Amino acid sequence: MPKPNKKKSLTGMRVLALALAFITLCIAGGVTMSVLFLPAVMGANNVAKAVAPSMQVEGIDFDVTNLPQKSTMYASDGKTVIAEFYAQNREVVPLKDISKPMMQAVVAREDKRFWEHSGVDVQGVMRAFVQTYMRKGDQQGGSSLTQQYVKNVLATKARDNDDPIAAYHATEDTIARKLREMLISVQMEKKYSKQEILQGYLNIAQFGSNSLYGVQAAAERYFNTTADKLNVVQAATIAMITKNPSKYDPSIPENQEEAQKQRNITLQLMHDQGFITQQEYEEAVNTPLVDTLHLTSVSRGCMAAKYDAGYFCDYVVHKIENSPEFGKTAEDRERLLQEGGLKIVTTLDLDANAAMMDVANATIPAADSSGMEIVMASVKPGTGEVLGFGLNRTYDATDAAATDPTRSSMNYAVDQIDGGGQGFQIGSSWKPINLVAWMQQGRSINESLVAPTDFLTNKFSCNGYQGGTDNWHVTNALTNGTVSPESPFLGLVHSHNTTMAAMGAQIGLCAVADAAKSLGYHNSKIGQEDVYSDISMHPALLIGGTTSVSPLTMANVYATIAADGVECTPVAIKSAEDSDGNKLEVPQANCHQAVDKEIIQTLAYTMNQGVTRPDGAARAAQLADNRKTFAKTGTNENMYVTTGGFIPHQIATFVLVGDVQDPINHPIENIAINGEYHGYWDGSTIAAPAFSKTVSQYAAKKNLPMDNDYGQAADKYMKQVGVSRSQNGNTLQGTQQGQLQQQQNQNQQTR
């Protein structure tokens, strides 16, 4: 057996003796006097140089109420919890909201002379000295509750500041740390009452192995109750954990035998110190620990979001991280979310989100052999409030999702900056924008347009687009030709590409881009958000062939049409409060009248005709109960199929289907989806039915009123115009001739 190191032992004894001398000075002579004598005391041995640096405590706030707290995210009702965020799972509660047995249990277990000493328990230090250095027993610290609180504060601040040196000094197993804690503890007891210090300790101490801090979080975790309702057995269980959170955590099955022993030790101490009677003690120790537990899940962040709201939760987090309202830097905003104790009330409509998620997974099950994805977004018109998302995937931000195609953390419904992709080409769902641009130029949607299949790109030139001498060849789906002549009205009803091209050639591409911006359109790709960016400005924009847009942005465009032309910036947060109940600034929707109401009403009328006419391209979008429906389908080659639509003033929804990651190598054609095979998939075959089911389900759940007055066309935009010049300057004579040709072509449909 090796001999003990006498030199080390004697040094330890001398240091501890000096510590006791320092304690005596603190208690008898006051802090100021003790600090004056400190150099003389330290100078008696060689420990001084090692101790003095770690005595420095600058910029530390020991406010017993200023602790990191978890933030909570709520649905739009302000009551339903979606998710919680924390670096430390803590909810600070005042002492009045902590049960008397809980206070008694922690005092009995940790510091029986807490109400008597002045921050340092001299008897406890002496006992620890004798046990550790003279009897060579287990190492004991003799720290008071105040000292433990100081240690916890220093460690917490070090973590917050990402300061490894401070973290080391806060937890180092040295006499230096003990001396520093003693000094600060005496100062603490001069500034704060015993009740305030006990409150601070009960809120900062670790009571579990899973970042569980404070009695409120512990009460919820182990007993599904609150701190003010903890009884003797529950309080003793929680009080014993802090000695060794990983070893004594009672939620871990292999810990439960030892946890029960430790609980019973605490009960014995409570009895010995007169906090409980003999009968209460006997009843408590004879109660099996496992019978007292009522465990609730410890989960945090969007991975643990409830109500299928993982993707929405992720969107809100990105909004907080990207919004200067929550801090100057991304790091500040992240810290506020994780530690600020925020109450975040979002715009999430549980019914809308549930409808989208249900329909998405019913339309294309996550494990479907097609591998296709469906992405949906909904916005409340006139408010900008994002109601929810629908994706046929399970939200999963872990590495496991990389090898599981049914799971993902990428929300393709939103912009790239908000955690989404680079956007999509949406096809004919774009075309309502063309009619807005047309009417904004003072044109009637009943003009007859000569629509060839070939256009020189310079025919679409404007200040933001010059075009060139190259030819743009455009045809209509199915017919592979044109239906010239045709009016913009019928061009939208039938979704004819050539008519859209003829419109753009007359008013210029910039007019269309301007209309898109007024409706709330922007590209998803970072750095290319403006519709005037290089990726967008080509005549193919007229048929949705050069868009790079998220489903949420398109839902917002349709929401503008659903709100009489009132455009809003999408928002996900209704309000936010800090832990003290102070309201924080949040991003605003900035709603404004962006498009003339008569233009919007005329467009809505036209969109409805595309649903109700036997030859309308959007017939499959008809809502249940014969509700008046406004929608537009779209197909982008063989990559994506889409549908956008709305119920006036209630909800606007956009649906996209395809392989959102690799559409070129995995086209949506000649494929079975959910057991149904189509050689040719378009917006009407899958996106429109998904839109109809989602919005119909939501309308029924909310009992939304019918609005059959919406969509009243303005006469000035419906007047007949009989002559229109073609690209070559030829004219079409007479209104009757133009109308006759239109009727002859009504059965020729496009996507």
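Odds and ends about this structure:
- Count - residues of the range 398-410 that are crowded, with 16+ Cβ neighbours inside 10 Å and assigned to a loop (DSSP other than H, G, I, E, B): 2
- Every condition in (1) in contact (Cβ under 8 Å) with a residue 12 or more places away in the chain; (2) in the same structural domain as G581 (by TED's automatic domain parsing); (3) at negative phi is met by T329 except one, and the failing one is (1).
- Tallying residues that are in a loop (DSSP other than H, G, I, E, B) and either among the charged types (D, E, K, R) or surrounded by 19 or more Cβ atoms within 10 Å (Cβ to Cβ) (or both) within the range 411-443 yields 12.
- Residue in the range 288-297 that is touching a residue at least 24 places away in the same chain (Cβ under 8 Å), closer than 19 Å to V107 by Cβ and either polar (S, T, N, Q) or in a helix (DSSP H, G or I) (or both) present: no
- The single residue among V586, V595 that is crowded, with 22+ Cβ neighbours inside 10 Å and closer than 21 Å to T383 by Cβ turns out to be V595.
- Residues in the range 658-685 that are touching a helix residue (DSSP H, G or I) at 6+ places or on another chain (Cβ under 9 Å) and of a type in the set (S, T, N, Q) were compared, and the one that is farthest from G634 (Cα to Cα) is N674.
- Exclusive hit being touching a Gly at 6+ places or on another chain (Cβ under 6 Å), within 24 Å of G384 (Cα to Cα) and among the small types (G, A, S), set G610, G645, G634, G616: G634
- Selected residue (criterion: farthest from the chain's Cα centre (by Cα)) from residues of the range 217-231 that are closer than 21 Å to L145 by Cα and buried (at least 24 other Cβ atoms within 10 Å of the Cβ): L230
- Filter result (part of a loop (DSSP other than H, G, I, E, B) and touching a helix residue (DSSP H, G or I) at 6+ places or on another chain (Cβ under 9 Å)) within the range 617-638: A617, A618, Q622, L623, R627, K628, T629, E637
- The residue of the range 466-516 that is surrounded by the fewest Cβ atoms within 10 Å (Cβ to Cβ), among those that are within 16 Å of T635 (Cβ to Cβ) and modelled with pLDDT under 90, is N480.
- Checking the stated criteria, K632 turns out to be charged (D, E, K, R), within 18 Å of F691 (Cα to Cα) and crowded, with 19+ Cβ neighbours inside 10 Å.
- Qualifying residue in the range 322-329 (condition: in a loop (DSSP other than H, G, I, E, B), touching a Lys or Arg at 6+ places or on another chain (Cβ under 6 Å) and charged (D, E, K, R)): no
- D418 being assigned by TED's automatic domain parsing to the domain that holds A687 and modelled with pLDDT under 95: no
- Single condition W472 does not satisfy, out of (1) in a strand (DSSP E or B); (2) under 40 Å from the mean Cα position of the chain (by Cα): (2)
- You will find that of Q268, Q256, Q338, Q279, the residue that is assigned to a helix (DSSP H, G or I), surrounded by fewer than 21 Cβ atoms within 10 Å (Cβ to Cβ), in contact with a Leu (Cβ under 8 Å, 6 or more places away or on another chain) and not basic (K, R) is Q256 and no other.
- Considering residues of the range 444-465 that are touching a residue at least 24 places away in the same chain (Cβ under 8 Å) and polar (S, T, N, Q) only, the residue surrounded by the most Cβ atoms within 10 Å (Cβ to Cβ): S448
The values are calculated or read from the model by the stated rules, or taken from the named source; none is laboratory data. Only a predicted model underlies this, so the values are computations on that prediction, with no experimental measurement involved. Please note: Cβ atoms are built from the backbone with ideal geometry, for glycine as well, and neighbour counts cover all protein chains shown.
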